[in-house]
1. At a Förster distance of 30 Å, what's the computed FRET efficiency of Leu107 paired with Arg42, Cβ-Cβ distance as r, to 0.05?
2. With a 1.4 Å probe and every protein chain left in place, tell me how much accessible area Ser457 has, in Å² to the nearest 10.
3. Pop the C-beta distance of Arg402 and Ala77 into the FRET formula with R0 = 56 Å and round what comes out to the nearest 0.05.
4. Which of the trypsin sites (Lys or Arg not before Pro) found in the range 487-590 are loop residues per DSSP with 16 or fewer other Cβ atoms within 10 Å of their Cβ?
5. Could you compute Rg(Cα) / (2.2 N^0.38 Å) for the range 216-265, with N its residue count?
6. Calculate the dipole size of the range 403-530 relative to its Cα centre from +1 charges on Lys and Arg beta carbons and -1 charges on Asp and Glu beta carbons; express the result in debye to the nearest 20.
7. Note the full-extension length gain between Leu35 and Ala579 as 0.36 nm times their separation in residues minus their Cα-Cα distance, in nm to one decimal.
8. Given a Förster radius of 35 Å and the C-beta distance between Asp380 and Asn421 as r, what FRET efficiency does 1/(1 + (r/R0)^6) yield to the nearest 0.05?
Amino acid sequence: MTTAERSTDLTSLRRARELFLRGQQPPDGVPDEVLAAWKRARFFGVRHDVGDPAPEAAGLVDSPLLAAARPVLDRIAGTLDGGGTSLVLTDARLRVLWAAGIAPDHLCRDLSEERVGHNSAALALHTHRRAEVHGPEHFLDRWQDVSAVSVPVRAPETGQPAGTVTVATGLCGEGGQWAACGERTEYGRHPGAPLAEAVAAAVETELLSRSRTAERLLLDAYARAVGDPGHAVVALDGRNRLVSEAAGRLLSPDALEALERRAVALIRESGSGRPTGLADGLEGSAHPAPLPDGPDGAAASLTPVSHQGSVIGVVVVLESSGCPVPVLADRRDLGLAGGSVPWRHAVGRALELAASGEPLLLVGERGTGKTSLARELVADALLVDAAETELGTHADVLRTGRPLLVRHVERLAPPDTATLNSLLAAHPNVPLLVTYTPGGSPGPCLQRLLDTLAARSVTLPALRERPEDIRELLTSLTPSPQPGHPPLTWSLDALRALERHPWPGNVTELAHLVRTLAEHRRTTGPVRRSELPDAVREGPAPRPLTPMELAERSAILDALHLHGGNKARAAASLGIARATLYRKLRGYRD
């Protein structure tokens, strides 16, 4: 595209914006995303001719992000003097934390769309990637001659944007009008893009360094407090949880949540500016407190852990006044873990039916725990897996009064199914347990068996229907650590990703993930979201995908994983343009 053509595009966009502001229909050719942004600004009540969109913001906001970014930004600020380039840092709420090289008439304290309309910082925060907005694409009059590029700064704990870095210049660069609407890849990136990306990367590195230091201090404090494996200790920082086995037996999920709220409150109180008087890495005095939902007489002592003069976490020591801590059986293989209403209802109904010693049908998707629950209901049952062996003479065991558990009854051969039908017709009260995974249309023999057992059937909920059980299941599925190694724990962001995943393989799929991490993980500290499989980390697609889209999405995620998240290299390995890869990823989320 020539300079004259670019200039024409900008002129057309200016005219379209003027028509829009006068309440007239803009002509065709205005990019859909720009027109939608203008409409949002009108909906929010933004004035295009406003002087200062946020006059009540008297000064720049202080934050942990700014504390980490300031050494990087201060080194860059000196190079911007008189260069016509501005550099701006915002937090995740798009409040300006730091700015240099920016003209006073262009400075705004709040870059949210609700305040200033379309801009690159708001776009980058929304899309989680680099974004550019040029000249008349802006809604404000004051930015009609400004071109800006913004890059999100990602938090190391979650991978989510903690803020943005923006580089802004005049609309005209060397060589003429380089900014225009439409596909900008035809005439290159914003000339400030390398600077914005470099600053964002440097700030992320500083955030990661600080996060690792704080995590190490919290982990060390937890290890000192545990001392002996029998001590009940929890370490919390609002993102991570370290829970000893003894604490896991004492604490209900509600009690753990309550302790975490107290820990977060103490951390926020420290962040209010009051000095703690603690040396880095040293714990302060303990704060005794009653333990909610715990055994009688139980109490919790909260001890803050400090770093750089601020509380970065809390170590909780649980104590019981002379009351022995109940020791629970090893529940790694139990089918009873979970406290959600759907799960408790199903288990309660199964226990009620199994107590009579009569036939019982357990129905559910693959991996929901049908066999595990059946084994808990009747411990001495003879197990026959129809997927691996024929029923044969095993049915005769029922005549002796011993329970028979038939797994995968949908895979029984018709003669074996007929045998069970005949047996139930002659002896309707035999102790028969059957698990059934719905799938294809059952044949007449199987349908008759299902109809016979329908009145004594229990349907187990899928794991996606009881996400609140994920955390308890993780505890029951996690193997005991090797001597000298810390237990497998989970960051809050990883837990949220696990709770949002649809789990097509249900508990079996979750158990495989936990076992794989426990056996092959080489890092320390809580499991982060970035360590989870791509499908779990990325989250479920918000709409049903076609088989072709599923295949494409899987290939793209595999390529991104192979190339460390580098989208350009992933696109090249797949033989598609980077813009195509971005478009497809956006399409899977729509």
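The values are calculated or read from the model by the stated rules, or taken from the named source; none is laboratory data. Because the structure is predicted, anything quoted here is derived from the model rather than measured. For neighbour counting, all protein chains shown are included, and Cβ atoms are generated from backbone atoms with ideal geometry for every residue, glycine included. Heads up: the accessible areas ignore ligands, DNA and RNA and are worked out on the full protein's heavy atoms, side chains in. Shrake-Rupley method; radii C 1.70, N 1.55, O 1.52, S 1.80 Å.
1. E(calc), rounded to 0.05, equals 0.80.
2. 40 Å²
3. 0.10
4. Arg521, Arg522
5. Ratio of Cα Rg to 2.2 N^0.38 Å: 1.09.
6. The calculated dipole for the range 403-530 is roughly 360 debye.
7. This chain segment gains 193.8 nm when fully extended.
8. 0.90
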